[in-house]
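The values are calculated or read from the model by the stated rules, or taken from the named source; none is laboratory data. Computed from a predicted model, the values in this text were never measured in an experiment. When we count neighbours, we look across all protein chains shown, and the Cβ atoms used for this are built from the backbone with ideal geometry, even at glycine. Areas reflect the complete protein model, heavy atoms only, side chains present, ligands, DNA and RNA absent. Shrake-Rupley method; radii C 1.70, N 1.55, O 1.52, S 1.80 Å.
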Amino acid sequence: AKQTGRNCFRFFTSSLQEHANTLMEMEQDLRLALDQNQLEVFYQPLVRTLSGKITGVEALLRWRHPTRGMIPPDQFIPLAEDTGLIGPIGLWILETTCRQVKAWRDQGHQLYLSVNISGRQRDLGLDAESLQQILHNTELPADQLVLEITEGMLLDDSDETIVWLRAFKDLGVHLAIDDFGTGYSSLSYLKRFPIDTLKIDREFIRDLTLDNEDALLVEAIISMAHSLKLRLIAEGVETAEQRCILYQLGCGYLQGFHFARPMPAIELQDWLVSYSP
Ligand code: C2E
Ligand code: CA
Ligand code: CA
Ligand code: CA
């Protein structure tokens, strides 16, 4: 047993060391990623539940790493936040996606843009002034932009956060709460923050059938959203059955693999042309 213990310990330290090395390497690489055009935005359609018509797109970041291949955002956004790199990266995402969606709108596709933002961006260059500049440069109408924030962001340090978010609202930009239902149980913040949309987390949609607890939860969220006059989007819709149930529960908008996966801009462009709901 002692033998095993020692081996375990050795294994543990060396893998911790490896982990630290990998993180340091990743950090160096991420510093270069933006300049070397390794970051790319994918777009996933947001659709109306009943008609299946596309109403918007969510921008989802990807990193085409030169040796590690495609890295998903969960694996590098926390690092970007810790290092402050989320500042310049976040501004680049907004500029790139506003320009892209403006171009699609000019081609006749009526769609809005939804972009994830991180609370760290508050101290890293994202404010009403820089956002207004981006909207001005790209000519995307402010009311065609939605910023997706998380429940967690509304809870730490909320006075400063309210002021920060309110300034975006004053520009005409909309705000959505992402992953709704996974954060805190207090819903009082919904009254204090200028929110327009709730996105019900995928967790509640995954095992959705008409007679289970998730359906009751989703139904409760939907009726609350209706009474607060909030728009509702269900995330992670993968099947026609889920769509059907969400329709019956009164959820107006859907997002998920059932309709389309996130795609590079060039693919989404073809998809928009060929899609008939
Ligand atoms: P999120 O904002 O909740 O984004 C939705 C995630 O669900 C995306 O993962 C999307 O690919 C995935 N998804 C969509 N439909 C389905 C479905 O039907 N089934 C399943 N299983 N998954 C589905 P992705 O692209 O890996 O992004 C992960 C997270 O990374 C995002 O979660 C968001 O929190 C963060 N993220 C992505 N892009 C950005 C960004 O530009 N800025 C910031 N701050 N965070 C971002
Ligand atoms: Ca999101
Ligand atoms: Ca989400
Ligand atoms: Ca999520």
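Numerical summary
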quantity	calculated
Qualifying residue in segment 130-153 (condition: within 13 Å of ligand 1 (Cβ to nearest atom) and open to solvent by 40 Å² or more (accessible area, probe 1.4 Å))	yes
Selected residue (only one of Thr197, Thr161 is buried (at least 18 other Cβ atoms within 10 Å of the Cβ), more than 16 Å from ligand 3 (Cβ to nearest atom) and among the β-branched types (Val, Ile, Thr))	Thr161
All positions within segment 30-67 that are more than 16 Å from ligand 4 (Cβ to nearest atom), of a type in the set (A, V, I, L, M, F, W, C), under 23 Å from Asp82 (Cβ atoms) and in a strand (DSSP E or B)	Leu39, Val41, Trp63
Tally, over segment 68-95, of residues that are part of a loop (DSSP other than H, G, I, E, B), under 12 Å from Leu39 (Cβ atoms) and either within 16 Å of ligand 4 (Cβ to nearest atom) or at pLDDT below 95 (or both)	1
In segment 249-273, residue least open to solvent (accessible area, probe 1.4 Å) [restricted to those that are modelled with pLDDT of 95 or more and assigned to a helix (DSSP H, G or I)]	Leu268
Residue selected from segment 240-272 under the condition of a type in the set (Phe, Trp, Tyr) and within 11 Å of ligand 1 (Cβ to nearest atom), by the criterion farthest from Gly52 (Cα to Cα)	Phe257
Test: Val218 is within 19 Å of Gly56 (Cβ to Cβ), within 16 Å of ligand 1 (Cβ to nearest atom) and not aromatic (Phe, Trp, Tyr)	no
Sole exception among (1) within 16 Å of ligand 3 (Cβ to nearest atom); (2) open to solvent by less than 10 Å² (accessible area, probe 1.4 Å); (3) not charged (D, E, K, R) for Ile89, by number	(1)
Contacts under 8 angstrom Cβ, first residue in segment 186-201 being farther than 17 Å from Gly250 by Cβ, partner away from ligand 1 (no atom under 13 Å from the Cβ) and assigned to a strand (DSSP E or B), 6 or more apart	Phe193/Leu175; Pro194/Leu175; Ile195/Leu175; Asp196/His174; Asp196/Leu175; Asp196/Arg231
Segment 219-230 residues that are part of a loop (DSSP other than H, G, I, E, B), paired with ones that are open to solvent by less than 90 Å² (accessible area, probe 1.4 Å) and at pLDDT below 90 (beta carbon under 8 Å, 6 or more apart)	Leu228/Leu190; Leu230/Leu190
Lone qualifier among Arg192, Arg166 - being surrounded by fewer than 18 Cβ atoms within 10 Å (Cβ to Cβ) and touching a helix residue (DSSP H, G or I) at 6+ places or on another chain (Cβ under 8 Å)	Arg192
